[in-house]
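> Got a structure for you, questions after.
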């Protein structure tokens, strides 16, 4: 009889994949997929409650990879879900590098599917040595994490060019400069370089 349910959830933009195992590594039900929205999250919680009732288990360990913004809302939803309050629930937000490293222990024969990834997350929790998510401690660091991610997104990728373009207009306007073609890429690249040199 199962004592603990380890629920691994693979989170992606369109869907959530769930695999539940017990403390011996035995899969308790077939893998399930849910849409990554409020209805899907509610259905996932109902499935967890159903499995816990079927196996008469009071302890649920729920794990998901820390996948930027995709996992944040689900993590918070699972932490506060009223349907899970009768159970002893711990939510684990696992670094993807830990999951990838753990997957290597299973050999190279495992296919790359979302259900397999959810199974690996559940197994990684069963292995232990993870700290559960603590909302009180995270409330201190979460704003800093979000600001850091925003800064990275602003400075890297296609948005950096657009940002540089607007900074070029701002700098040109503030210095009273006029150019025949201020929208040309060299102007914005130069001003972007000047701006970033000032930042660092």
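Coordinate-derived values only; no laboratory data. Note that this is a predicted model, so its numbers are computed, not measured. Cβ atoms come from the backbone with ideal geometry, glycine included; neighbour counts cover every protein chain shown.
> Given labels modelled 7 Å from the Cα in the Cβ direction, how far is it in nm from residue 95 to residue 147?
2.3
> Here is a further query. Which of the peptides 57-67, 25-35 is most tightly packed, and how do the rest follow, judged by the mean count of other Cβ atoms within 10 Å per residue? It would help to have the intermediate numbers written out before the result.
Numbers: 57-67: 21.0, 25-35: 14.4.
The peptides rank, most packed first, as 57-67, 25-35.
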